[in-house]
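The values are calculated or read from the model by the stated rules, or taken from the named source; none is laboratory data. Keep in mind that what you see is a predicted model, and the values were worked out from it rather than measured. Reconstructed Cβ throughout: ideal geometry from the backbone, glycine too, with neighbour counts over all protein chains shown.
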Amino acid sequence: MGGRLAGKTALITSAAQGIGRATVLAMVAEGAKVIATDINMAALEALAKESPAISIHKLDVTKQAEIDALAAKVDAPDVLFNCSGYVHAGTILDVVDKDWDFAFELNVRAHYRMMRAFTPRWLERGSASVINMASLASSVKGVPNRFLYGTSKAAVIGMTKAMAADYLAKGIRVNAICPGTVDTPSLHDRMRATGDYEAAHKAFVARQPMGRLGRAEEIAALVVYLASDESAFITGQAINIDGGWSV
Ligand code: NAD
């Protein structure tokens, strides 16, 4: 099968819904074999029915033992898309230590653990492309009521640049992506959690200058590009894909 990712294997975390799921399908359409991982096995099983090129594994990225077990089972992927992350709403006054720890476990430490699990084998092979999910709400833009989320996503950008710098000449490319507001299941959960879904929907759309939310498929297309050899000259970048929110 042809395609921009023909012959490549990709591993994706938090792949059962939203941007992760859309990326699994986009990568398969470009000829990749995809290992889709998540904690939601029911959703992964439904996803696996979409293509024989998708294999699924339960993986809680906050558990080192589960990462070790998966890494021992699979070859080092050509592409790693670290997609996990959770949005805590609120200012600094809303944060308790438990939330701080959870945000950094899922949004930052998970990406570090996944990269670390495969780096020795990537170095032996001399090639890999890693895409780390950050957000526009990060060191790129201060967003109200996203104190903890923005802090954790800024760390993802720092980690991405540090990792890219270490392996510039060793064939391992590492980039981060910074989406604006994207229409995904968890976004609708966040709208419902405000208690006024309609008003929240309006507010989320209003902060996007194009007057619409991003689509998961639009983000997936960028991930495919960064995964492919077309982007071979790009590393250490945090790329905004935000419908002009940062302009
Ligand atoms: P989502 O939040 O709707 O889905 C998240 C997925 O993560 C679910 O399938 C869930 O089962 C899985 N998950 C939860 N805990 C996990 C764990 N411990 N281990 C592994 N998987 C776990 O998806 P989304 O909205 O597409 O967000 C995906 C990523 O994109 C996140 O990192 C998020 O911060 C980032 N992002 C989203 C938006 C947006 O507006 N949706 C914008 C910028 C960045």
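Pairs are defined by a Cβ separation below 9 Å, a sequence spacing of at least 6 or placement on different chains, a first member in the stretch 71-83 that is touching a residue at least 12 places away in the same chain (Cβ under 8 Å) and more than 16 Å from the ligand (Cβ to nearest atom), and a second member that is of a type in the set (A, V, I, L, M) and assigned to a helix (DSSP H, G or I); the pairs so defined are Ala76/Ala117; Asp78/Ala227; Val79/Met27; Val79/Val223; Val79/Leu226; Val79/Ala227. Applying the condition of being acidic (Asp, Glu) and touching a strand residue (DSSP E or B) at 6+ places or on another chain (Cβ under 9 Å) to the stretch 144-192 and asking which residue is surrounded by the fewest Cβ atoms within 10 Å (Cβ to Cβ) yields Asp166. Residue check: is Val174 modelled with pLDDT of 95 or more, over 20 Å from Ala103 (Cα atoms) and part of a strand (DSSP E or B)? So Val174 passes the test. Between Arg113, Arg121, the distinction of being at pLDDT 95 or above, exposed (fewer than 15 other Cβ atoms within 10 Å of the Cβ) and part of a helix (DSSP H, G or I) belongs to Arg121 only. Number of residues in the stretch 177-225 that are in a loop (DSSP other than H, G, I, E, B) and of a type in the set (Lys, Arg) equals 2. For the stretch 72-108, filtering for residues that are surrounded by fewer than 20 Cβ atoms within 10 Å (Cβ to Cβ) and part of a helix (DSSP H, G or I) leaves 14. Please verify whether the stretch 145-158 includes one or more residues that are closer than 26 Å to Ser246 by Cβ, without any contact (Cβ under 8 Å) to a residue 24 or more places away in the chain and part of a strand (DSSP E or B). No, that holds for no residue.
Among the residues of the stretch 193-214, which ones are more than 13 Å from the ligand (Cβ to nearest atom) and either surrounded by 14 or more Cβ atoms within 10 Å (Cβ to Cβ) or closer than 16 Å to His88 by Cβ (or both)? Within the stretch 193-214, Thr194 is the sole residue that qualifies.
To keep it simple, each residue is scored yes or no on (1) outside any loop (DSSP other than H, G, I, E, B); (2) surrounded by fewer than 16 Cβ atoms within 10 Å (Cβ to Cβ); (3) at pLDDT below 95; (4) within 16 Å of the ligand (Cβ to nearest atom).
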site	(1), (2), (3), (4)
Arg4	no, no, no, no
Ala16	no, no, no, yes
Ala22	yes, no, no, yes
Leu25	yes, no, no, yes
Ala36	yes, no, no, yes
Ala46	yes, yes, no, yes
Ile56	yes, no, no, yes
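Among the residues of the stretch 16-29, are any closer than 30 Å to Lys170 by Cβ and not aliphatic (A, V, I, L, M)? Looking through the stretch 16-29, at least one residue is closer than 30 Å to Lys170 by Cβ and not aliphatic (A, V, I, L, M).
Scanning the stretch 88-117 for residues that are in contact with a strand residue (DSSP E or B) (Cβ under 7 Å, 6 or more places away or on another chain) and not small (Gly, Ala, Ser) turns up His111, Met114, Met115.
With respect to Ala220, is the statement that it is among the small types (Gly, Ala, Ser), loosely packed, with under 13 Cβ neighbours inside 10 Å and either in contact (Cβ under 8 Å) with a residue 60 or more places away in the chain or touching a Gly at 6+ places or on another chain (Cβ under 6 Å) (or both) true? It is false that Ala220 is among the small types (Gly, Ala, Ser), loosely packed, with under 13 Cβ neighbours inside 10 Å and either in contact (Cβ under 8 Å) with a residue 60 or more places away in the chain or touching a Gly at 6+ places or on another chain (Cβ under 6 Å) (or both).
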